[in-house]
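Written below as structure tokens is the structure these notes are about.
The values are calculated or read from the model by the stated rules, or taken from the named source; none is laboratory data. Quick caveat, the model's predicted, so the values are computed rather than measured. Cβ coordinates were reconstructed from backbone atoms using ideal geometry, including for glycine residues, and neighbour counts include every protein chain displayed. For accessibility, only protein heavy atoms count, side chains too; no ligands or nucleic acids. Shrake-Rupley method; radii C 1.70, N 1.55, O 1.52, S 1.80 Å.
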Amino acid sequence: MRRPVLALASVLLLAAVAGCSHTTGTSATSGDRATTGSTVTARAGDAGAPLAEGPGPQSHYAVAAQPAPGSCHYRSDNGQPLPDPTCTPGALSPAVTQADLAQTICRKGGYTGGIRPPASVTDAEKRKNAASYGYTGQLHDAEYDHLVSLELGGDPNDPRNLWVEPPSPGHKAGAGPNNPKDAVESRLHTAVCGGQVTLAQAQEAIASDWSTAEARLGLKP
């Protein structure tokens, strides 16, 4: 009479073990990258952490809500400014994948001009994001920056992909934005379109630490 009881106990034990399996959330594939939708909370730079996917280009942009004032904190790498990985982990546009590079970011004639939010939206967001980061310098000298740039398939107006980037060391006050990150973005774009690295590799590298992205990808010593 004990065999049925033991069999039932074994089944229940197996079910309990299966229910304790570790999961990291659902994932889907868009092009060559893994995404988890708009609910991703992974920190930029985490090993293997996927970047969130934003809404992509819109026909009409509205001013996006920003993190609470003072809730975001700058980091740095050799003096170069980096965003708070919780406030600004990066977000990708679903309109750009490895499969459609020739029709999007690598197409002749350019891609980014037609998808940028208007200044009426980004100026308001910039002021609010400056408060989020506690930035007290001249806004004229700071860039409202896409962490994953538009030319690398970053989302145009997802607040997770935008931050007030303060001037880099050596910047002359009042001279306006002049950040070396822009040149890094251009070189990574060239590398992606030239097939040296994949879109996902470039996106993940620049989201993690733009100042070391090229070295991590083997594009420079």
Worksheet item: Pairs under 7 Å by beta carbon, first residue of a type in the set (V, I, T) in the range 55-83, partner outside any loop (DSSP other than H, G, I, E, B), six or more apart or different chains?
Response: V63/V121; V63/A124; V63/E125
Response to the item:
Note on K108: of the conditions (1) part of a loop (DSSP other than H, G, I, E, B); (2) in contact (Cβ under 8 Å) with a residue 40 or more places away in the chain, unmet is (2)
Item to complete: State whether one or more residues within the range 87-103 are open to solvent by 70 Å² or more (accessible area, probe 1.4 Å) and either assigned to a loop (DSSP other than H, G, I, E, B) or modelled with pLDDT under 50 (or both).
Response: no
Discussion item. List the residue pairs whose Cβ atoms are under 8 Å apart, where the first residue sits in the range 166-191 and is in contact (Cβ under 8 Å) with a residue 12 or more places away in the chain and on the phi > 0 side of the Ramachandran plot, the second is open to solvent by less than 50 Å² (accessible area, probe 1.4 Å) and not hydrophobic (A, V, I, L, M, F, W, C), and the two are 6 or more positions apart or on different chains.
Written reply: G174/D141; G176/D141
Fill in: Number of the condition not met by G48 [criteria: (1) open to solvent by 40 Å² or more (accessible area, probe 1.4 Å); (2) at pLDDT 95 or above; (3) within 17 Å of the chain's Cα centre (by Cα); (4) at positive phi]
(2)
